[in-house]
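Presented below is the structure to which this report refers.
The values are calculated or read from the model by the stated rules, or taken from the named source; none is laboratory data. Owing to the predicted nature of the structure, the values given are computational and were not obtained by experimental measurement. Ideal geometry is used to build each Cβ from the backbone, glycine not excepted, and the neighbour counts take in all protein chains shown.
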């Protein structure tokens, strides 16, 4: 710190820490009148400091680099100190740190982003409020010195703020869902271009529906705009370096040049090709050049264009649909994946049905051309496309259109025996339907049916492309059953997986008991024990599950499961002792009739009853009922505590390895769910918390809450009462004789 004498004379500077020295700053400013030097020293308080100004002389012209300083509050200095601490961290994600909320990581399970850059709403709000306060103060001071900044300068600075998106941010996750839904809609929209064509049975021609074309073009353009925005986002989206994924969680890269280079060398060109409005351009080009392109040519061009763009689009969004996105799962829940798989199955039927409709129109067009070649009406090829006749064509046929409409060969194209349609026989009458909804729904049904039955009810003709199309349906159906139907089946079977595991476990146990030739009574008890053990744990190995969890979380789970505070014998113990006991507890299940303790048998464990009832019978025949929150085998605790009070006999027994002997019989009156604590574990707990267990309050609680101690106390009271009563009777008898 900078110290000053009481009389105003400056002291020499004392040595201070680097943080304190770094907090002393000087602000320089050009000034015409005088040169002033003010050392500003931060103290960490919020009061403004009184700093002395040393003038160098009267007002005169000075050098351009004369210095001036201002009074700085402790608030600003504290901000500098805190930011200096943040600045000590390596600036590996400086571009994400300047992006605000878009650069934050919203994934609590992320192993890539730095821990200090996770989302914490309170810290972010506090930081934004503090930054806004200091920015306003600095801007006000700057405006007072240099005037208001130019409006165009503010706009330029705003437009040049580099913002990058963290792939684990909430915005990226939200955008991936929107992009996936738009791609799914686009895959449904593209085959709708095939339904722009239909057949007019009266005029024996193929017509192009321009009203429907404008609707489909608008929907496809909307999905293209979303896809284009996705392309722009990829240039701002940080990625995980592929070379670092093999070493662990990976390294997040947010450098602009590396992001652009990675995307351009990857999926950029495919995305650019997919987002090109080729179907829209084709449709508008056909409309403006109708004299050169008819419905038949439009069918071929649209089919090729949609096919060339459809396959890359599927390659892009199917991995995201399957949950293989680099930013994590798009749809996490099982039911969401079930619906996505169902929609994918419906999409496959939509593609097959739309292609079947398009190929059906092609076969109708081929039949009409054959009819035109056989007939003597040479200009009839122009009439196959409705409205395709120009002024240079033969107008005689136009003056008498019934000649083509009533042509025998043309009429036979709409009969079952007029042409070898094969699997397109039902599509012939479908193409003549004026309602586009009817044509679409029936095509969707046909495709769904053929995918489900693997085209088993279809017999193609000898036309080569028809046979290949039927083979493609069969192969596509098999692939779909192997992938999507398999996933749906696994999801449904997961609900009954535990039951299947229980059945397999029961079969293994039966085979083992048969191999060992166990008696029927023991077999019955083993089956009952296995069934009850499975129902108590739901088939989950709790010990393996707990090992992989953090220690503090394990302690919280044990407190909830065991709840030793409810056990009467442990009600007076503190949390550290209970946690130490909980760590060593093991779950155990007993069926009705199991014997826990028997007379003259060693007591090797304490049993804490969670559910069920036990019956304790002493040597004198005294019966005690034990239920939930009771303990069986608490003599083991008393045996371990005897060493604390200096009992030499107990020490000798422990050296020789002797265990306490039970003087009662404990059996299960019903199925019992309990936790056990072994003798070795209990000795370890007693050794760790010996000082605490010596507390008289704890000793009194243990003796008072123990059922065995209560029985022993009752017996001693009864014995003392009998002895007293016996002495009173003897004294009364002696008084009477006198």
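Overview of results
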item	result
Qualifying residue in region 300-310 (condition: assigned to a helix (DSSP H, G or I), farther than 20 Å from residue 189 by Cα and modelled with pLDDT under 75)	no
Every residue from region 616-641 that is modelled with pLDDT of 85 or more and surrounded by fewer than 16 Cβ atoms within 10 Å (Cβ to Cβ)	617, 623, 625, 627
Criterion: surrounded by fewer than 20 Cβ atoms within 10 Å (Cβ to Cβ) and closer than 19 Å to residue 369 by Cα - qualifying residue of 435, 452, 412	412
Every residue from region 665-674 that is touching a strand residue (DSSP E or B) at 6+ places or on another chain (Cβ under 7 Å), surrounded by fewer than 19 Cβ atoms within 10 Å (Cβ to Cβ) and over 18 Å from residue 561 (Cβ atoms)	665, 667, 669
All positions within region 180-215 that are more than 29 Å from the chain's Cα centre (by Cα), part of a helix (DSSP H, G or I) and touching a residue at least 60 places away in the same chain (Cβ under 8 Å)	190, 191, 192, 193, 194, 195, 196, 210, 212, 213
Only listed residue being closer than 30 Å to residue 581 by Cα, in contact with a helix residue (DSSP H, G or I) (Cβ under 7 Å, 6 or more places away or on another chain) and part of a helix (DSSP H, G or I), chosen from 466, 530, 543	530
Residue identified as surrounded by 19 or more Cβ atoms within 10 Å (Cβ to Cβ), in a helix (DSSP H, G or I), under 51 Å from the mean Cα position of the chain (by Cα) and modelled with pLDDT of 65 or more among 682, 677	682
Residue match in region 707-725 (condition: at pLDDT below 75 and either under 51 Å from the mean Cα position of the chain (by Cα) or part of a loop (DSSP other than H, G, I, E, B) (or both))	yes
Residue within region 231-251 that is touching a strand residue (DSSP E or B) at 6+ places or on another chain (Cβ under 6 Å), more than 30 Å from residue 344 (Cβ to Cβ), modelled with pLDDT of 70 or more and surrounded by fewer than 17 Cβ atoms within 10 Å (Cβ to Cβ) present	yes
Any helices (runs of 4 or more DSSP H) falling wholly within region 369-410 and containing at least 1 residues that are assigned by the TED database to the domain that holds residue 204, within 20 Å of residue 208 (Cβ to Cβ) and at pLDDT 70 or above	none
Qualifying residue in region 165-179 (condition: assigned to a strand (DSSP E or B) and assigned by the TED database to the domain that holds residue 274)	yes
Test: residue in region 451-460 that is part of a helix (DSSP H, G or I) and touching a helix residue (DSSP H, G or I) at 6+ places or on another chain (Cβ under 6 Å)	yes
Residues of region 480-498 satisfying the condition of being surrounded by 12 or more Cβ atoms within 10 Å (Cβ to Cβ) and either in contact with a helix residue (DSSP H, G or I) (Cβ under 9 Å, 6 or more places away or on another chain) or outside the structural domain of residue 423 (by the TED database) (or both)	480, 481, 483, 484, 485, 487, 488, 491, 498
Failed criterion for residue 572 (all others in (1) in a helix (DSSP H, G or I); (2) out of contact with any strand residue (DSSP E or B) (no Cβ under 8 Å at 6 or more places or on another chain); (3) touching a residue at least 24 places away in the same chain (Cβ under 8 Å) hold)	(1)
Sole exception among (1) part of a helix (DSSP H, G or I); (2) at positive phi for residue 448, by number	(2)
Residue 496 vs. criteria free of Cβ contacts under 8 Å to residues at least 60 places away in the same chain and over 30 Å from residue 425 (Cβ atoms)	yes
